[in-house]
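Working notes, structure below.
The values are calculated or read from the model by the stated rules, or taken from the named source; none is laboratory data. Every value quoted in this text rests on a predicted model; they were computed, and no experiment measured them. Glycine also receives a Cβ, built like all others from the backbone with ideal geometry; neighbour counts cover every protein chain displayed.
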Amino acid sequence: MRGGEASKKVRGSAPGPRWGLRPQTPFCAVATPPIELEDSGRAALTTAAARRRGLGQSPSLLTRRRFGLLAAAAVVPAEPDHLTILLDWFINPDHAPLLVAQQTGAFARAGLAVELVAPADTAMAPKLVAAGHGDIALTDEPHFHEQIAGGLPLRRVGALIDRPLSTLATLRRTGIAKLGDLRGRRIGHGSGDAERAMVGAMLATVGLSLNDVHMVNIGEQLTVALLTGQVDAVTIYRNFEILELREQGAEPIAFDYETNGVPWFDEMILVTRERLASDPRLPRLMNAIRHAVATLRADPLAAWRSCAATEADLNTSLNKAAWMASVPFFATDPAAVNLGRYDAFAAFLAKAGIIPPPRPASTYVTEVGDG
C-alpha cells in the first residue's frame, strides 16, 4: 500500500511507502532549481536526492524533479499543457510507465509537459492535490478509501498497478510452510489499521485470528527484522523485497494477499481533486501511459537500460531484477476500473471498523474516456 496518514503504515511510513529495505538513491533522478509554493502547499516537498542529504526541510520550498527530458525534448509542442504528478516514493521500478512515457516522448506527443515530484512526506501527496497543489497524486487503493472516508475531495482516475503487490513473507529456515504455521509467531508490519485487517483476513482462511499471533510494529526495516530473526514473517512487496531477500542468500516463502483471503485491490492509483476529474488533460495522460506500458512490455530490458544509462545508481543487479519483475503488474489500460471491486474492498474495510459504511464507489471513482 501507499499513501495514507504518516502515523499509519504507508509501505514504510516515513518517508515513504516501502516496507523493507529500499535503495538509498532514487531512480533516474534529475534535480532542478526550487520554486516557491504558496501557503498550505508549503508542506516540504523535496527531491529524493535532497532528502538523502537531509535537505529540503524548509516549508517554503518545493523542488521539482524532471525525468527523461532528452528523449522528449525534440517532440514537445510549442505550448504543451503542464501537469504535475506527486509521487508516492522516490522514483523506482513501480513508476516505470511514467519514466518510459517521458523518455519515449509519449507525454510530449500527447501535448503534455509532465513533472514528477517526490514529496518530503509522501503521505501528504493526496492531501496536497486535494488542496490544489499538484494535479495528480499516486497512492494505493486501501489508503484511498480511508482518504475518502476522511473527507478528502478526491477522485480515482487511473491506475499504474491494478493488482496487489503485497505479500506476507517468511523464510524457509523458520519452519513456516503454510499460513497455519503462523500460530504463536511474530509478524512484522507497519503501523496501519488496514494492514492489520488484511493480515487478519489471511489468518482467518486457516481458522486463526490476530489474537493467535504477535503483531510487531517494525516500521520501515521489515526485511532486516526478518533476516535478523526479530520476527518470523513480514508484510512486504513481491516485486522488490522478495528479490532483496534472495539477493541476501535467504529463501523466502510468500503468501500473496489476493490468493489468501484479501479482496483484490489496486496497488498504485492516480487520484486528483474532484473538480479536475473531467479535465481534458486526463484522457491524454492515460493514453500516453497506455502506450508506455505497451512499449515497456515489448522490451523491458531496453527500457531499463535506457534509464540505467542516465542514472548510475539504477545500474545494480537488484534494481534491474526489480524492474523486470514489476513489468507484469502494470495496468494494460490505466483508465479501466472495476467498480464492483472498489465497492467490495470498501465493504471489507468497513467490516473491519476502519472506515464508516462507504458510499458507492461510483461517487469517487471516474473512468476516464479516450483522449
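Regarding segment 129-136, can at least one residue be identified that is in contact with a strand residue (DSSP E or B) (Cβ under 6 Å, 6 or more places away or on another chain), within 26 Å of G190 (Cβ to Cβ), assigned to a helix (DSSP H, G or I) and modelled with pLDDT of 95 or more? Give the derivation first.
Residues of segment 129-136 that are in contact with a strand residue (DSSP E or B) (Cβ under 6 Å, 6 or more places away or on another chain), as a first pass: 129-130, 134-136.
Remaining after also requiring within 26 Å of G190 (Cβ to Cβ): 129-130, 134, 136.
Narrowing further to those that are assigned to a helix (DSSP H, G or I): 129-130.
Still in the running and modelled with pLDDT of 95 or more: 129-130.
Yes, that holds for at least one residue.
Mind checking which pairs have a first residue in segment 275-292 that is closer than 14 Å to F330 by Cα and a second that is of a type in the set (S, T, N, Q) and at pLDDT 95 or above, Cβ under 8 Å, 6 or more apart or different chains?
The qualifying pairs are R290/T332.
Could you look through segment 304-347, keep only residues that are among the charged types (D, E, K, R) and closer than 19 Å to Q103 by Cβ, and pick out the one that is modelled with the lowest pLDDT? Steps first, answer last, please.
Step one: list which residues in segment 304-347 are among the charged types (D, E, K, R), which gives 305, 311, 313, 320, 333, 341, 343.
Restricting the remaining residues to those that are closer than 19 Å to Q103 by Cβ gives 305, 311, 313, 320.
Numbers: R305: 91, E311: 65, D313: 68, K320: 93.
If we take residues in segment 304-347 being among the charged types (D, E, K, R) and closer than 19 Å to Q103 by Cβ, then E311 is modelled with the lowest pLDDT.
It is to be established whether one or more residues within segment 152-160 are more than 15 Å from the chain's Cα centre (by Cα) and assigned to a helix (DSSP H, G or I).
No; the residues of segment 152-160 include none that is more than 15 Å from the chain's Cα centre (by Cα) and assigned to a helix (DSSP H, G or I).
Kindly indicate which of R284, R290, R273 is at pLDDT 95 or above, closer than 19 Å to H143 by Cβ and charged (D, E, K, R). Please lay out each step first, then the result.
Values: R284 fails: closer than 19 Å to H143 by Cβ; R290 fails: closer than 19 Å to H143 by Cβ.
Answer to the selection: R273.
List every residue pair whose Cβ atoms lie under 7 Å apart, where the two residues are 6 or more positions apart in sequence or sit on different chains, the first residue falls within segment 103-114 and is part of a loop (DSSP other than H, G, I, E, B), and the second residue, located anywhere, is of a type in the set (D, E, K, R).
So the pair list comes out as A110/R284; G111/D81; G111/R284.
Hey, which of the strands (runs of 3 or more DSSP E) in segment 208-286, taking only ones fully inside, have at least 1 residues that are under 24 Å from W323 (Cα atoms) and acidic (D, E)? Steps first, please.
Values: elements: 214-217, 233-237, 252-256, 268-273.
Strands (runs of 3 or more DSSP E) meeting the threshold: 252-256.
Are any of the residues in segment 298-306 buried (at least 18 other Cβ atoms within 10 Å of the Cβ), in contact with a Phe, Trp or Tyr (Cβ under 9 Å, 6 or more places away or on another chain) and not aromatic (F, W, Y)?
For segment 298-306, residues buried (at least 18 other Cβ atoms within 10 Å of the Cβ), in contact with a Phe, Trp or Tyr (Cβ under 9 Å, 6 or more places away or on another chain) and not aromatic (F, W, Y): present.
Residue by residue through segment 79-92, note down the ones that are within 10 Å of the chain's Cα centre (by Cα) and either closer than 13 Å to V271 by Cα or surrounded by fewer than 24 Cβ atoms within 10 Å (Cβ to Cβ) (or both).
L87, D88
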